[in-house]
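Just below is one structure, and these are the notes that go with it.
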Amino acid sequence: MKKIAIIDCRADDKTVYTLEKLNIKVIPTLKIDNLYDSVATHADIQIHYVGNNCFISAPETYEHYKKYMPKKCTLIKGQNNIDSKYPYDVWYNATALKDYVICNKAYTDKTILDSHNKEIINVKQGYSKCNICIVDNNAIITSDNDSGTKGNRCPKNITRLY
């Protein structure tokens, strides 16, 4: 199956062309009008990748992503609508690694929490996925000191790079 990139719908044509030339299926995000402009088109706010070609999207973006998802992918509709005010805009903003999910558990959609059979690393940061770049299943890049990867809370097999 072709790789997928869900990218900001405001991405320029050159970015889209470059990804497509690399044989990557580009799926644009949807602009959510009730969010402030800087996050209104963030994929991390709208949809969560569980793994194994499975995604969970916000109810208001479900039909949009359903149009673009390849048939081999599973798309599940989440429970929480995205609200205009923090922290009610971060329901889908969770980082999934091989053995862990890093998120603010109180503000993560229950569908996401129930779909992972992984240890949950609960953090204060609601925008936990926005502030983490996954290097591989055992390494992340973040500037957030409360990313769940500092001190005693950090699992021994996760490396925090910054």
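The values are calculated or read from the model by the stated rules, or taken from the named source; none is laboratory data. Everything numeric in this text was worked out from a predicted model, so none of it was measured. Don't worry about glycine lacking a Cβ; one is built from the backbone with ideal geometry, like all the others, and counts go over all protein chains shown.
At a glance:
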{"read-out": "Answer from Tyr92, Tyr162, Tyr86, Tyr100 - the residue that is buried (at least 21 other Cβ atoms within 10 Å of the Cβ) and modelled with pLDDT under 95", "value": "Tyr100"}
{"read-out": "Test: Ala58 is under 21 Å from Tyr127 (Cβ atoms), touching a helix residue (DSSP H, G or I) at 6+ places or on another chain (Cβ under 7 Å), at pLDDT 95 or above and small (Gly, Ala, Ser)", "value": "yes"}
{"read-out": "Flag if Thr108 is modelled with pLDDT under 95, crowded, with 19+ Cβ neighbours inside 10 Å, under 14 Å from the mean Cα position of the chain (by Cα) and hydroxyl-bearing (Ser, Thr, Tyr)", "value": "no"}
{"read-out": "Filter result (touching a residue at least 40 places away in the same chain (Cβ under 8 Å) and either touching a Ser or Thr at 6+ places or on another chain (Cβ under 7 Å) or among the aromatic types (Phe, Trp, Tyr) (or both)) within the range 76-121", "value": "Tyr86, Tyr92, Asn93, Ala94, Thr95, Tyr100, Ile102"}
{"read-out": "Checklist (1) assigned to a loop (DSSP other than H, G, I, E, B); (2) closer than 22 Å to Asn34 by Cβ; (3) out of contact with any Asp or Glu (no Cβ under 6 Å at 6 or more places or on another chain) applied to Thr111, failing item", "value": "(1)"}
{"read-out": "Pick from the range 6-46, criterion touching a helix residue (DSSP H, G or I) at 6+ places or on another chain (Cβ under 6 Å) and aliphatic (A, V, I, L, M), ranking: nearest to Gln125 (Cα to Cα)", "value": "Val39"}
{"read-out": "Single unsatisfied condition, Tyr17 versus (1) surrounded by fewer than 18 Cβ atoms within 10 Å (Cβ to Cβ); (2) touching a residue at least 12 places away in the same chain (Cβ under 8 Å); (3) hydroxyl-bearing (Ser, Thr, Tyr); (4) more than 14 Å from Thr108 (Cα to Cα)", "value": "(2)"}
